Amino acid sequence: SLKVRVVVDSQYDLFIADASHPAVRIEHTRLIDGRENSILAGEWGLSLHLESRRGGVTSRYLLDFGYTPQILIRNFDLLALDPSRLDGLILSHGHMDHYGGLLGFLDQYRGRMRQDLKLFAGGDASFDEKWRKRRGGELVPWGRLDRAAVAAQKVETQNCESARALGGPFTTGRIGRGSFERVLENSFVESAGHFTEAELQGRLVPDQHPDEHATAYVVQGKGLVVISSCGHAGLINTIQTAVKVSGVAKLHAVLGGFHLGPAPQDYVEQTVRELKALAPDVVIPMHCSGGKFVEAMKREMSERLVVTNTGSLFTFGA
């Protein structure tokens, strides 16, 4: 069984209605008993607390860390999550809206966490300098995750460039590129160790996200649950990679950021068509999935669409 708690997402709706779905138990968080004068906060970014149970053994991971430590720490505290019970940390890819809260979170909680804590990243590119392109075309620096600062907190980084079991979840390793999807060009990278002519000349190049990996679970009697934190490599590519490395063809659920906010309408429509063919029981879009995707889901797969909120808890399986 698997429980996914939304610690940080891009919105928080105090008045979200109760909801139910046959494939997942949904518990939305509004005011918190005993903390009624404090509310959860949303910001651009994503962080998910993952708790799975298998054969009487429970594992807990924090997947991504939002944009700022202030929001991550605030929500972590309000949701009464315990850092000492985390078995590990997972970074989906090296963008600030996914790693930005990490170092501050470690500053706050490292002394209460297990000594052998590890950060599971998708590859060395997670630590490269990133750049963003403004609407007018100007490139502006977007920072990088400081590997040395992570190590200074006595957290070992382990790269998961190929699929890896983590004692509950598994990571997919590098996401394959076999579908119609393409990486949407909205971020650039300054990297060493690559071999294109542009990179050898030290120029900024579009980020192809070789470090992006997804986190997935196999839920007994239900099938595969795929968590795409941002989906730069494509939602369909992500699912296909998780199916390939797990050997489980039944797609029970897909959730997270699908990076379809900046995508053209025809691209979104094709994604939804191909997702429908994969027949997931439930789809829970978050973060960067975008309004066009949600509207297309309402037209084509409304019975499988679940709306989320910062603080929501989703339970898959018994």
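The values are calculated or read from the model by the stated rules, or taken from the named source; none is laboratory data. Every value quoted in this text rests on a predicted model; they were computed, and no experiment measured them. In this analysis, Cβ positions are derived from the backbone assuming ideal geometry, glycine residues included, and neighbour counts consider all displayed protein chains. These area figures cover heavy atoms from the full protein model, side chains too; ligands, DNA and RNA do not enter into them. Shrake-Rupley method; radii C 1.70, N 1.55, O 1.52, S 1.80 Å.
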_If exposed means no more than 11 neighbouring beta carbons inside 10 Å and the site is in a DSSP loop, what's the longest run of the chain without any exposed trypsin sites (Lys or Arg not before Pro)?_
1-133
*Take the Cα of PHE15, step 7 Å along the line toward its Cβ, and report every residue of segment 294-308 whose backbone nitrogen sits under 19 Å from that point.*
307-308
*Where Lys and Arg each count +1 and Asp and Glu each count -1, what net charge lies around THR58 among other residues with Cβ under 13 Å from its Cβ?*
+2
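Using 0.36 nm per residue of separation minus the Cα-Cα distance, give me the extension gain between SER302 and ASP266 in nm, one decimal.
11.1 nm
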*the chain - percent relative contact order, Cα under 8 Å, separation 6 or more*: 20
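Would you work out the charge dipole size for the chain about its Cα centre, treating the Cβ of every Lys and Arg as +1 and the Cβ of every Asp and Glu as -1, and quote it to the nearest 20 debye?
Around 680 debye, computed over the chain.
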*Counting GluC sites (Glu not before Pro) as exposed when in a DSSP loop with at most 14 other beta carbons within 10 Å, what is the longest stretch of the chain free of them?*
186-318
_I need the shape label for segment 55-204. Rule: rounded when a/c is under 1.5, else prolate if a/b > b/c, else oblate, with a, b, c from the alpha carbon gyration tensor._
prolate
*For the chain, calculated [θ]222 nm from helices alone, where every DSSP H run of n ≥ 4 adds -39500 (n - 2.57)*: -6000 deg cm²/dmol
_Just to be sure I understand the model, the point goes 7 Å from the Cα along the line to the Cβ. What's the resulting LYS133 to ARG177 distance in nm?_
1.6
*What is the extension gain from GLU27 to ALA148, computed as 0.36 nm multiplied by their sequence separation minus the C-alpha to C-alpha distance, in nm to one decimal?*
39.7 nm
*For the residue pair GLN220 and ARG203, what label-to-label distance in nm results when each label sits 7 Å from Cα along the Cα-to-beta-carbon direction?*
5.6
_Looking at the chain as a GNM with Cα springs under 10 Å, which of LEU62, LEU40, LEU81 has the largest mean-square fluctuation?_
LEU81
_(i) 55, 48, 39; (ii) 49, 46, 40; (iii) 72, 49, 42, with the label sought being that of the calculated Cα extents along the principal axes in Å_ = (i)
_segment 163-318 - Rg over Rh from alpha carbon coordinates, Kirkwood radius_ = 0.99
_Among THR238, VAL225, LEU305, whose Cα projects farthest towards the positive end of the dipole of segment 216-318, with charges put on the beta-carbon of Lys, Arg (+1) and Asp, Glu (-1)?_
VAL225
*Choice from SER84, SER47, SER126 showing the highest fluctuation, given a GNM over the chain with Cα pairs closer than 10 Å*: SER84
_Around GLU156, under 12 Å between beta carbons, what's the net of Lys plus Arg minus Asp minus Glu among the other residues?_
+3
*Using Cα centres only, tell me the gap between segment 33-66 and segment 258-318 in whole Å.*
21
*Considering the dipole of segment 1-103 built from charges on the beta carbon (Lys and Arg +1, Asp and Glu -1) around the Cα centre, which of GLY94, PHE76, GLY56 is farthest to its positive end?*
GLY56
*Anything over 32 Å Cα to Cα? Flag those among LYS3/LYS154; LYS130/LYS244; LYS3/LYS276; LYS3/LYS244; LYS118/LYS298, in the order listed.*
LYS118/LYS298
*By the scheme Lys and Arg +1, Asp and Glu -1, what is the net charge of all other residues having a beta-carbon under 11 Å from that of SER47?*
-3
*Could you tell me, in Å, what Rg and Dmax come out for the Cα atoms of segment 259-315?*
11.2, 33
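With every protein chain kept in place and ligands, DNA and RNA left out, what is the accessible area per residue of segment 235-298? Probe 1.4 Å, answer in Å².
The answer is 34 Å² per residue.
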*For the chain, the longest site-free run once chymotrypsin sites (Phe, Trp or Tyr not before Pro) in DSSP loop states with at most 15 other Cβ atoms within 10 Å are removed*: 16-179
*Could you give the dipole magnitude of segment 103-166 about its Cα centre, charging the beta-carbon of Lys and Arg +1 and that of Asp and Glu -1, in debye to the nearest 20?*
280
*With the radius of gyration and the Kirkwood radius both derived from the Cα set of segment 1-142, what is their ratio Rg to Rh?*
1.00
*Can you work out ³J(HN,Hα) from phi for every residue in segment 89-94, in order, using Karplus 6.51 cos²θ - 1.76 cosθ + 1.60 and θ = phi - 60°, giving whole Hz and x for Gly and Pro?*
10, 10, 10, 6, 5, x
